[in-house]
Amino acid sequence: MKVVFDKMGMVLRKNFLSLMVFELIFRIGTWLAVLPGAAFLLRLSMRVQKMRYITNQNIFRFLSHPMTIVVLLFSVAVIIVLCMLEYGALLICFEYSANNMKINSWEMLLEGLVMLRRMRGRGKTFALVTICLPSINLLMLAAGVVKVQASNYVAERLVMARGGVPILLSVIGVLFILFLVFGFSMALRFLRDDDKKEQEEAAPEAAEISGSVLHKYHRGRFFRNVAYILLWNLIAWGLLLLISAVLICGVSIFIALTPERGYTMLRIIDHGNRVYLCIGFLAGFISTTVNLAGLYSLAHVLEEQKVGRNEMKRRFAEKTKHLHLLHRRVALAIVVTLGILELHMVVRSYMTGDYNLSDMMTGVAVTAHRGASKYAPENTLEALELAMDQYADYAEIDVQESSDGVLFLLHDMSTLRTCDRAVVAYTKTYEELLELDASAGKKGYSDVRIPTLEDAILMCRGQIKLNIEIKTNARTPDVVDKTVAMIEDLDFVNQCVVTCTDLKYLERVKELNPDIKTGQILKVTIGDVPQSDAIDFLSMKYTNVTEHLVERAHECGMEVHVWTVNDLNSMKEMTAIGVDNIITDDAPTAKQIAHGERLGEGLLSILRSMVKQVEK
């Protein structure tokens, strides 16, 4: 056992810095590239199935559709190819370390590309890597399954069913055993098969003898090898817990020592989500690196004991010679091209909102009603900026059109309630509206101006999503067309929703751009929920919303947004019955209730307690 772990320590230490740099760049780069693509494919599948949203009630129907299955299979294939590239680069790094040689992260990537090219056409290798993926990424899978709402819903359904608990526990136990024993056994076989193929090219007879002896040696020590695997995974778990504890302590100290920014609890929740993402990243890095290093060391020790160290060095020299078959300048061109495309995709996705998958699968969102209107003048840039500071998911605004065709933010037809003097807003030019003070008597605010819709979008793009409520009247019939045109011109389609009380205006929005999400504002609902191709979600007064109505809307593939929820008990009730979005004047309180639950009480409680201790 000591020999294996000594070898494992050596292959990790020798090129550790290169290993860290490669993993950091590779994982972040592939994640930023894959996320927009996954979002596009999921939306394409939803569009084919005529689904507006994925909810708990329609998740099984969505997953069982042929289009979704094709998308998932394609996604899995892409992930496997990326993992083969990563594993190839890591194995090459371990090869260099085992032979006491240095390699940098750039060379790791190039050698990984070479190995990926050499694996072309090897169906067995592809299948073996597929089998090994869950095992090698066990820590990351565990973290992801706990976080994703859909998996939690499936688990809840199993638990609630008769005999569901034993079934769930049995499934988890069987999967765990299969992942560890079968998956890692296949990984060992993969490592040996790769070496065996290289040996066959150089010396077929020697390869046959070596493979036979090695198979016999491994077969006689199967349970010992499984013990190795369990032990280094326990070490990996311990390392992850230790690093996570240090990370949580650091974040807690940072929050406690910077109290001047305010909203301590919201900062705990926001930073808590970042901590969870970091822990997930660390889980993937530690799990992959430790397991591959352990498997490589185990296979290396087993083979070295049978063929000798000199033979192993000769094979390494032969292998590295073959690895340079792909010209480095070609590999460099591929990497640079992919890098430019990825950078373009990431920047565009960030600006348009395509990168965000969380809305499809996570819990209750919070919308700041007319911006942070409890604390700042409503429908102003100041209110929108404060809504961002309060970590709201959306800000709701009201849009009208001035007499000279400018789209501006205002709820009432008259400025009597929100400005220093009363005028009928849509009868005035925007220049005339700019003469008004929209501070609405809010303490600490003065000389506040009515903003344009363009100003609001430019401020919020990439920072917070907008719920744009269109106010219409007979004098401004083209307000819908102008609003849609502005949303398109500013690449804001995926960062906003459009709402209105009148269904015909929503139909016009869909006619102009079917990709814009629309919601009908309903003050009263009698009978079944309204259904129309122009309605993606319902926006309703919270006192009229029941659990049955929410379930029925979800069955129809629609979300339910509720307004205006300002007291604590009503927020808890709306969260409990499963609404999708709480529109409120008090976004900080709603955020604590809705997003605190999403983050999870365990991590949230730890951060809260540590911040209090540091503050003392």
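Under the combined filter of DSSP loop state and at most 15 neighbouring Cβ atoms within 10 Å, the stretch 67-118 retains none of its GluC sites (Glu not before Pro).
For the pair residue 277 and residue 567, label points projected 7 Å from Cα toward Cβ lie 3.7 nm apart.
Highest mean packing comes first when the peptides 2-12, 452-462 are listed by Cβ atoms within 10 Å, giving 452-462, 2-12. Residue separation of residue 309 and residue 521 scaled by 0.36 nm, minus their Cα-Cα distance, works out to 68.8 nm of gained length.
Rounded if a/c is under 1.5, else prolate if a/b beats b/c, else oblate: with a ≥ b ≥ c from the C-alpha gyration tensor eigenvalues square-rooted, which is the stretch 448-529? Prolate. Would you mind checking the pairs 504/591; 443/591; 7/306; 442/465; 471/541 and listing those with alpha carbons more than 22 angstrom apart? As for pairs spanning more than 22 Å Cα to Cα, those are 504/591; 443/591; 442/465. When each of the peptides 242-251, 387-396, 570-579 is scored by how many other beta carbons lie within 10 Å of its residues on average, the order from highest to lowest is 387-396, 570-579, 242-251.
In a fully extended conformation the segment linking residue 77 and residue 414 would gain 115.5 nm over its present Cα-Cα distance, using 0.36 nm per residue.
Using the Cβ-Cβ distance between residue 454 and residue 533 with R0 = 22 Å, the FRET efficiency computed as 1/(1 + (r/R0)^6) comes to roughly 0.15. How much length is gained on full extension from residue 254 to residue 67, taking 0.36 nm per residue of separation minus their Cα-Cα distance? Full extension of this stretch gives 62.7 nm more. What is the stretch 2-48 by shape, rounded, prolate or oblate, if you read a ≥ b ≥ c off the alpha carbon gyration tensor as root eigenvalues and call it rounded for a/c under 1.5, prolate for a/b larger than b/c, and oblate otherwise? In terms of gyration-tensor shape, oblate.
Each label was represented as a point 7 Å from its Cα along the Cα-to-Cβ direction; for residue 446 and residue 245 these points are 5.5 nm apart.
No value in this document is a laboratory result; all are computed from the given coordinates. Everything numeric in this text was worked out from a predicted model, so none of it was measured. For neighbour counting, all protein chains shown are included, and Cβ atoms are generated from backbone atoms with ideal geometry for every residue, glycine included.
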